[in-house]
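These notes are about the structure you will find just below.
The values are calculated or read from the model by the stated rules, or taken from the named source; none is laboratory data. No experiment lies behind these values; they were computed from the predicted model shown. FYI the Cβ positions are ideal-geometry reconstructions off the backbone, even for glycines, and counts take in every protein chain you see.
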Amino acid sequence: MKSHVFLYQLINSISSILAVNDDYTAHHQNNVAVISRMIAQELGLSAFEVEGIRIAAQIHDIGKSAIPNELLTKSGKLNTEEFALIKTHASRAEEVLVGIDFPWPVLDMVLQHHERMDGSGYPKGLVGEQICLGARILAVADLADSMINPRPYRGALGLQAVLEELNTYSQLYDTEVCNTFRKIVSDGGSRLFAAIEIVS
């Protein structure tokens with residue numbers, strides 16, 4: 001029991017690293033954790049698996065702690081070099097997490113959350129089931145919150161935009177995960193919006 005308490009204290013400390021200078025990412029990680037948990041539960045995963053996915057989601061952007069804050073909060077469009085630097089956040093997470101002995105494949109989930117089913121993602125260009133299920137869940141949850149809520153460089157796009165994105169670019173995301181997300185928001189999003197924080 002003590003080891004679990006220590007683990008959660010560690011996760012909270014890691015999460016707070018970004019909150020100091022990047023309040024957006026802190027809120028985003030919390031929301032992605034909630035959405036990921038909802039998807040994992042709806043998929044019928046075990047309580048142990050669900051918790052591991054939630055933990056990974058809670059710190060999935062920890063690699064951004066190595067990215068200059070002025071890029072993370074930039075209101076205008078990123079240029080090619082700036083976007084390339086932002087994209088390194090997935091692999092930079094390894095520097096923070098590699099020494100932590102999680103009881104779940106947290107590092108894999110964090111490293112792979114920007115991989116895409118057709119191999120067009122990063123950092124390794126993994127394809128299909130080469131991407132762990134947790135990362136495939138994080139990918140959809142990450143997309144959902146980033147479009148539902150405003151980002152530093154644009155306003156909120158809304159739930160309908162998320163659904164259109166999943167339909168238009170279905171080759172990028174796990175089909176079962178997408179269908180599960182659609183089921184969760186089939187009430188118009190009431191259940192989802194009651195669970196996450198909407199930034200005004």
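Would you mind stating whether Pro68 is within 19 Å of His28 (Cα to Cα) and surrounded by fewer than 23 Cβ atoms within 10 Å (Cβ to Cβ)?
Taking the combined requirement at face value, the residue satisfies it.
Of the numbered conditions (1) within 16 Å of the chain's Cα centre (by Cα); (2) surrounded by fewer than 15 Cβ atoms within 10 Å (Cβ to Cβ); (3) in contact (Cβ under 8 Å) with a residue 60 or more places away in the chain, Gly76 fails exactly one; give the number of that condition.
Of the numbered conditions (1) within 16 Å of the chain's Cα centre (by Cα); (2) surrounded by fewer than 15 Cβ atoms within 10 Å (Cβ to Cβ); (3) in contact (Cβ under 8 Å) with a residue 60 or more places away in the chain, the odd one out for Gly76 is (1).
Based on this model, can you work out whether Glu95 counts as modelled with pLDDT of 90 or more and surrounded by fewer than 17 Cβ atoms within 10 Å (Cβ to Cβ)?
no
Being touching a Leu at 6+ places or on another chain (Cβ under 7 Å) and assigned to a loop (DSSP other than H, G, I, E, B) is the filter here, so list the residues in the stretch 153-200 that pass it.
Listed by number, the residues that qualify are Tyr173, Val185, Gly189.
For the stretch 32-73, name all the residues that are within 20 Å of Leu97 (Cα to Cα), free of Cβ contacts under 8 Å to residues at least 24 places away in the same chain and not hydrophobic (A, V, I, L, M, F, W, C).
Arg54, Pro68
If Leu159 satisfies all but one of (1) within 25 Å of Gly44 (Cβ to Cβ); (2) surrounded by 17 or more Cβ atoms within 10 Å (Cβ to Cβ), what's the number of the condition it fails?
With (1) within 25 Å of Gly44 (Cβ to Cβ); (2) surrounded by 17 or more Cβ atoms within 10 Å (Cβ to Cβ) applied to Leu159, the lone miss is (2).
Can you run down the residue pairs with Cβ atoms below 9 Å, 6 or more apart or on separate chains, where the first is in the stretch 9-31 and small (Gly, Ala, Ser) and the partner is at pLDDT below 80 and surrounded by fewer than 17 Cβ atoms within 10 Å (Cβ to Cβ)?
Ala26/Ser16; Ala26/Ala19; Ala26/Val20
Taking the residues in the stretch 128-182 that are touching a helix residue (DSSP H, G or I) at 6+ places or on another chain (Cβ under 8 Å) and among the hydroxyl-bearing types (Ser, Thr, Tyr) as candidates, determine which candidate is modelled with the lowest pLDDT.
Within the stretch 128-182, the match that is modelled with the lowest pLDDT is Ser146.
Taking the stretch 119-133 on its own, how many of its residues are closer than 21 Å to Phe83 by Cα and of a type outside the set (Phe, Trp, Tyr)?
Of the residues in the stretch 119-133, 7 are closer than 21 Å to Phe83 by Cα and of a type outside the set (Phe, Trp, Tyr).
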